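For reference, the structure is listed below as structure tokens.
The values are calculated or read from the model by the stated rules, or taken from the named source; none is laboratory data. Given the structure is predicted, the values throughout are model-derived calculations rather than measurements. Please note: Cβ atoms are built from the backbone with ideal geometry, for glycine as well, and neighbour counts cover all protein chains shown. Side chains are part of the model used for accessible areas, which takes the heavy atoms of the whole protein and leaves out ligands, DNA and RNA. Shrake-Rupley method; radii C 1.70, N 1.55, O 1.52, S 1.80 Å.
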Amino acid sequence: MQAIARFLDRSLPRPPADLIQGPALEALWARCRPEGLHAVEALFYCRGRLFVVAPGSASAARLRQETPDLLARLRAEVGLGAIREIVVRRVGWEGARSRSRGGEGRPVRSAIGSRCFESLAETVCDASLKASLTRLASALASGSTEDTGRA
């Protein structure tokens, strides 16, 4: 049993040590974001990059303008001292509408998922797992994945 545990411990991917998401990130983002950008949503922070979703091009442009000041505020927060970049994805009108109804904003989530899998593949030692993660990242980036209906 211990041999299986050691094997799984070495083989299974682990989230990066600096990954912040969910309520912890939401609280940090609420304290730091500019006043007029309440509609911009922080998705996750990983390896010096904060991934956010803006509901339109105006919000994305304003966020890019305020990035230097925002980065300074974010660096002052515990856990975000190494932040170097804010990655902004814009959700089109239809995507924003589906997100407000509880949808996932699929194109944005796929792009971010692709980057996350690419980043994870860099840390994996197992060659076949690394290749699988790289293929998955490529498939997500190209949008060629399809739901097979299997659980």
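Among R135, R99, which is the only one that is modelled with pLDDT under 75 and part of a helix (DSSP H, G or I)? Among R135, R99, only R99 is modelled with pLDDT under 75 and part of a helix (DSSP H, G or I).
Filtered by the rule that a residue be of a type in the set (S, T, N, Q) and either in a helix (DSSP H, G or I) or within 20 Å of T67 (Cβ to Cβ) (or both), the stretch 1-46 gives Q2, S11.
Which is acidic (D, E), at pLDDT below 80 and over 22 Å from P23 (Cβ atoms), of E146, E104? Before you say what the answer is, go through the steps one by one.
Working: E104 fails: over 22 Å from P23 (Cβ atoms).
Selected residue: E146, the only one of E146, E104 that is acidic (D, E), at pLDDT below 80 and over 22 Å from P23 (Cβ atoms).
Residue-by-condition table, conditions (1) farther than 26 Å from T123 by Cα; (2) modelled with pLDDT of 90 or more; (3) open to solvent by 50 Å² or more (accessible area, probe 1.4 Å):
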| residue | (1), (2), (3) |
| --- | --- |
| A39 | yes, no, yes |
| A72 | yes, yes, yes |
| V88 | no, no, no |
| G95 | yes, no, no |
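Is it fair to say L80 is within 27 Å of F117 (Cβ to Cβ), at pLDDT below 90, open to solvent by less than 10 Å² (accessible area, probe 1.4 Å) and in contact with a helix residue (DSSP H, G or I) (Cβ under 7 Å, 6 or more places away or on another chain)? Criteria met by L80.
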